[in-house]
Amino acid sequence: MFDFNEDEVERYSRHILLQEVGVEGQAKLRESSVLVVGAGGLGSPVAYYLVAAGVGKIGIVDFDEVDLSNLQRQILHSTDDVGRAKTDSAKETLEALNPNVEIITYNQRLGTDNVEDLVSQYDIVIDGVDNFAARYLVNDACVFTNTPLVEGGILRFEGQVTLIDPEEGPCYRCVFPEPPKPGSIPSCQEAGVLGAIAGTIGTLQATEAIKYLLGIGESLIGRLVIYDALQLSFREVKIEQNSDCSLCGAKPEITELEEYTIHCSLQEND
Amino acid sequence: MELVVNGEKHETETSNLLELLEEFDVNPDLVSLKVNEQVVNKDRIEVTELSDGDEVEMLFFMGGGN
Ligand SMILES: [Zn+2]
């Protein structure tokens, strides 16, 4: 009925055993597509688990090359990959893991000209970007195209995750109305992060995407979950659609995509 | 008065949001602030007055993909 071959049935047997997944759910995953924006700290575990899970089509966007300092957390890439395009390295790792999954790579910078087209080709988007210009761009594009988005971020010993479904709840701007000031941005200042936390948050993002695709469990819409590794605690902050939101509020000021330039330097105006 | 800051009870002398941030040594540029259900606009931080029992959330900008 769902025409999985013998190898696939064995590969996915621990999913199929789950009442909430079963052969039917596994077939649903095979019919699904996920866009992973960024093949870095978060994108690595996200893509790894989604490919292992048998999601049919995974898109990966990244414009960077693998750097030695990435390897402390970006588990898709290995020592021999230093200097290669992250998309190439990611594709190779992921295809070795599960050849049944179609991996589509976009070795390009996200901009106002390509982001809407990209996100609208997928069932759900996962944010693993390193800069806030891209983060706001992805959020805005997902709102404009009505595409669900799993947001995630990490910093030092902490992480956060939420699900944005533009039809049903708040967007990123509802909670973080404006991009941070130039020069203040933690990721640019290389504030540091414990590598394994990328795994914790990325794995939560992958799980939420799978839950969304299968339609099971309690959704993360309207809930910002904050993980504190030093305390080993999870805290949940209720977030709501903000009627003043400049993007999805009652009187939106943003009606088309804007390109943000957020500099990492301390120069305030250029 | 007593506030709930980031989910925990916090006894403080100040009723001003910016001063509360200073008390926590948090740079206002690095967070989005929520008081009860309301997200506070950046230019309103300095003039936001808190009352006993208010719930304040300091939500940090977190990036960290690449
Ligand atoms: Zn919004």
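The values are calculated or read from the model by the stated rules, or taken from the named source; none is laboratory data. No experiment lies behind these values; they were computed from the predicted model shown. Virtual Cβ from ideal backbone geometry, glycine too; neighbours counted across all protein chains shown. Note: areas computed on protein heavy atoms with side chains; ligands, DNA, RNA excluded. Shrake-Rupley method; radii C 1.70, N 1.55, O 1.52, S 1.80 Å.
Residues that are buried (at least 20 other Cβ atoms within 10 Å of the Cβ), within 14 Å of chain A (Cβ to nearest Cβ) and not in a strand (DSSP E or B) within region B:41-64 comprise B:PHE61, B:MET62, B:GLY64, listed in sequence order. Please verify whether region A:98-105 includes one or more residues that are open to solvent by 60 Å² or more (accessible area, probe 1.4 Å), in a helix (DSSP H, G or I), of a type in the set (S, T, N, Q) and more than 30 Å from A:ASN242 (Cα to Cα). No, there is no match, as no residue in region A:98-105 is open to solvent by 60 Å² or more (accessible area, probe 1.4 Å), in a helix (DSSP H, G or I), of a type in the set (S, T, N, Q) and more than 30 Å from A:ASN242 (Cα to Cα).
Can you name every residue in region A:1-58 that is of a type in the set (Phe, Trp, Tyr) and part of a helix (DSSP H, G or I)?
Kept after step one, since they are of a type in the set (Phe, Trp, Tyr), are these residues of region A:1-58: A:2, A:4, A:12, A:48-49.
Within region A:1-58, A:TYR48, A:TYR49 meet the criteria.
Of the residues screened, A:ASP117 is one that is closer than 28 Å to A:VAL143 by Cβ, open to solvent by 30 Å² or more (accessible area, probe 1.4 Å) and assigned to a helix (DSSP H, G or I).
Quick check: is even one residue across region A:131-143 at the interface with another protein chain (Cβ under 10 Å from one of its Cβ atoms) and in contact with a Lys or Arg (Cβ under 8 Å, 6 or more places away or on another chain)? So far as region A:131-143 goes, no, none of its residues is at the interface with another protein chain (Cβ under 10 Å from one of its Cβ atoms) and in contact with a Lys or Arg (Cβ under 8 Å, 6 or more places away or on another chain).
Residues in region A:88-124 that are under 27 Å from A:LYS28 (Cα atoms) and aliphatic (A, V, I, L, M): A:ALA90, A:LEU94, A:ALA96, A:LEU97, A:VAL101, A:ILE103, A:ILE104, A:VAL115, A:LEU118, A:VAL119, A:ILE124.
Please tell me if A:ASP113 is away from chain B (no Cβ under 14 Å) and of a type outside the set (Val, Ile, Thr). So A:ASP113 fits the description; yes.
Can you tell me which of A:ALA209, A:ALA191, A:ALA141, A:ALA134 is open to solvent by less than 10 Å² (accessible area, probe 1.4 Å) and either away from the ligand (no atom under 16 Å from the Cβ) or modelled with pLDDT under 95 (or both)? Before you say what the answer is, go through the steps one by one.
On the way: A:ALA191 fails: open to solvent by less than 10 Å² (accessible area, probe 1.4 Å); A:ALA141 fails: either away from the ligand (no atom under 16 Å from the Cβ) or modelled with pLDDT under 95 (or both); A:ALA134 fails: open to solvent by less than 10 Å² (accessible area, probe 1.4 Å).
Within the list A:ALA209, A:ALA191, A:ALA141, A:ALA134, the selection yields A:ALA209.
Determine whether A:ALA52 is open to solvent by less than 10 Å² (accessible area, probe 1.4 Å) and at pLDDT 95 or above. Please lay out each step first, then the result.
On the way: open to solvent by less than 10 Å² (accessible area, probe 1.4 Å): no; at pLDDT 95 or above: yes.
Answer is no for this residue.
Among the residues of region A:34-49, those that are open to solvent by less than 10 Å² (accessible area, probe 1.4 Å) and either aromatic (Phe, Trp, Tyr) or farther than 21 Å from A:GLY195 by Cα (or both) comprise A:VAL34, A:LEU35. When A:ALA90 is tested against (1) open to solvent by 30 Å² or more (accessible area, probe 1.4 Å); (2) under 16 Å from the mean Cα position of the chain (by Cα); (3) farther than 26 Å from A:PRO179 by Cα, only condition (1) is not met.
One line per residue, one yes/no per condition, for (1) away from every other protein chain (no Cβ under 11 Å); (2) at pLDDT 95 or above; (3) surrounded by 14 or more Cβ atoms within 10 Å (Cβ to Cβ); (4) within 16 Å of the ligand (Cβ to nearest atom):
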position: A:ARG223; (1), (2), (3), (4): yes, yes, yes, yes
position: A:SER233; (1), (2), (3), (4): no, yes, no, no
position: A:GLU236; (1), (2), (3), (4): no, yes, no, no
position: A:LEU247; (1), (2), (3), (4): yes, yes, yes, yes
position: A:GLU256; (1), (2), (3), (4): yes, no, no, yes
position: A:ILE262; (1), (2), (3), (4): no, no, yes, no
position: A:SER265; (1), (2), (3), (4): yes, no, no, no
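Is one or more of the residues making up region B:11-23 among the small types (Gly, Ala, Ser), open to solvent by less than 60 Å² (accessible area, probe 1.4 Å) and either outside any strand (DSSP E or B) or within 20 Å of A:ASP228 (Cβ to Cβ) (or both)? Yes, because at least one residue in region B:11-23 is among the small types (Gly, Ala, Ser), open to solvent by less than 60 Å² (accessible area, probe 1.4 Å) and either outside any strand (DSSP E or B) or within 20 Å of A:ASP228 (Cβ to Cβ) (or both). Condition check for A:LYS181 on (1) within 14 Å of another protein chain (Cβ to nearest Cβ); (2) surrounded by 20 or more Cβ atoms within 10 Å (Cβ to Cβ): one failure, at (2).
Considering only region A:144-167, state which residues are in a loop (DSSP other than H, G, I, E, B), open to solvent by 20 Å² or more (accessible area, probe 1.4 Å) and not polar (S, T, N, Q). Give the steps one after another, and end with the answer.
Pass one, region A:144-167, residues in a loop (DSSP other than H, G, I, E, B): A:146-148, A:157, A:165-167.
Within this subset, residues satisfying the condition of being open to solvent by 20 Å² or more (accessible area, probe 1.4 Å) are A:146, A:157, A:166-167.
The answer is A:PHE157, A:PRO166, A:GLU167.
State which residue is farthest from A:SER33 (Cα to Cα) when the search covers only region A:120-131 and only residues that are open to solvent by 10 Å² or more (accessible area, probe 1.4 Å) and either part of a strand (DSSP E or B) or polar (S, T, N, Q) (or both). The selected residue is A:ASN131.
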